[in-house]
Each structure stands twice: as C-alpha cells, then as structure tokens.
Amino acid sequence: QVHLAESGGGLVQAGGSLRLSCAASGSIINLNAMNWNRQVPGKLRELVARITSGGRITYADSVKGRFTISRDNTKNTVYLQMDNLKPEDTAVYSCNEHLTVPTSEGQGYIEAWGQGTKVTDTS
C-alpha cells in the first residue's frame, strides 16, 4: 500500500511564496510521473505542474514563471515552489503520482493521490 503525505500549505499574502511537499511511502519500486493539481470549490480540478521520471516538466499557463516543480527520488518526494502568489492561486493543492509497485506477479502500476493541502491568499 502506498501513501502520499502533503505538507506546506497555509496562508500567504499576494506576492508571497510557499513550498509544498508530497512524500510517498510504502512498497515502491519506482516513481514515475508526479503531478501537482489544484481545485477551487465549484470548479474542475486543474493540473498545475508535472514532472516525469526523466525530468520532463510541464506547467499550466497560469503558473509558468512563478511555480517550480522538482523531485528528490532519494526521498520519494515531489515539491512545488510557488512564488509571486496571486489571489487566484487560492485552492486545495493535491499531488498524484504514478508508481511501480510490487505485486504477487512481480510488479504493477498504480496511481496514488494525496489528501490535499490548502493554500489561501489573505490579501
């Protein structure tokens, strides 16, 4: 069983910064693509940033130049550095990861989700 634990959310003023972390634990063979998403009540969930196992990175247009995704495979952790935050960045941020895990037949692929961490602009 795999568990994702997010941290780093909180209150911030416009122009401020926060760093989110998402640590995976459990029986893991390999971390593949790792994503940060966000959702505002009443709206669809938005993919904010993605980093593949090969290091390829993509961002939503709304966060380009302000957010930076990175990963530390030694810690099974993905980070989201958020700078120059804006009121419209207020949302619940969640990570999801595609993982290779051991199975009774060798290995398999799963997608796991974190519980979410709230980021609120206080401006």
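Which one, Val92, Gln13, Val40, is farthest towards the positive end of the dipole of the chain when Lys and Arg carry +1 and Asp and Glu -1 on their Cβ?
Gln13
Calculate the dipole size of the chain relative to its Cα centre from +1 charges on Lys and Arg beta carbons and -1 charges on Asp and Glu beta carbons; express the result in debye to the nearest 20. Spell out each step's value before the answer.
Working: 12 positive and 11 negative charges, 40 e Å.
It works out to roughly 200 debye.
With all protein chains present and a 1.4 Å probe, how do Arg56, Arg19, Arg66, Arg71 order by accessible area, largest first?
Numbers: Arg56 175, Arg19 125, Arg66 20, Arg71 45 Å².
Ranked list, largest accessible area first: Arg56, Arg19, Arg71, Arg66.
Order the following by accessible area, largest value first: His98, His3. Probe radius 1.4 Å; ligands, DNA and RNA are ignored.
Details: His98 60, His3 105 Å².
Solvent-accessible surface, decreasing: His3, His98.
Give me the one-decimal nm value for the distance between modelled label points at Ala60 and Asn73, 7 Å along each residue's Cα-to-Cβ direction.
Computed distance between label sites Ala60 and Asn73 equals 2.8 nm.
I need the semi-axes of the equivalent ellipsoid of region 2-123: take the C-alpha gyration tensor, multiply each eigenvalue by 5, square-root it, list largest first in whole angstrom.
On the way: eigenvalues 147, 37, 30 Å².
One finds semi-axes of 27, 14, 12 Å for region 2-123.
Could you report the chain's accessible area per residue, 1.4 Å probe, as an integer in Å²?
Values: 6620 Å² over 123 residues.
About 54 Å² of surface per residue is accessible.
Can you tell me, using C-alpha contacts under 8 Å and at least 6 residues apart, the relative contact order of the chain as a whole percent?
On the way: 306 pairs, mean separation 43.5, N = 123.
Computed value for the chain: 35 percent relative contact order.
Would you count, across the chain, every pair of lysines whose alpha carbons are under 20 angstrom apart, provided the pair is eight or more residues apart or spans two chains? Walk me through the numbers on the way to the answer.
Numbers: Lys43/Lys86; Lys43/Lys118; Lys64/Lys86; Lys86/Lys118.
Number of lysine pairs found: 4.
By what distance, in whole Å, do the Cα atoms of region 48-117 stretch along each of the three principal axes, largest value first?
48, 25, 21
Measure off, as a whole percent, the carbon and sulfur share of the 1.4 Å-probe accessible area of the chain, all protein chains present. Each step should come with its number before you reach the end.
Values: 3170 of 6620 Å².
That fraction is 48 percent.
The values are calculated or read from the model by the stated rules, or taken from the named source; none is laboratory data. Please read all numbers here as calculations on a predicted model, not as lab measurements. We place every Cβ from the backbone using ideal geometry, glycine too, and count neighbours over all the protein chains shown. Ligands, DNA and RNA are excluded from the accessible area calculation, which covers all protein heavy atoms including side chains. Shrake-Rupley method; radii C 1.70, N 1.55, O 1.52, S 1.80 Å.
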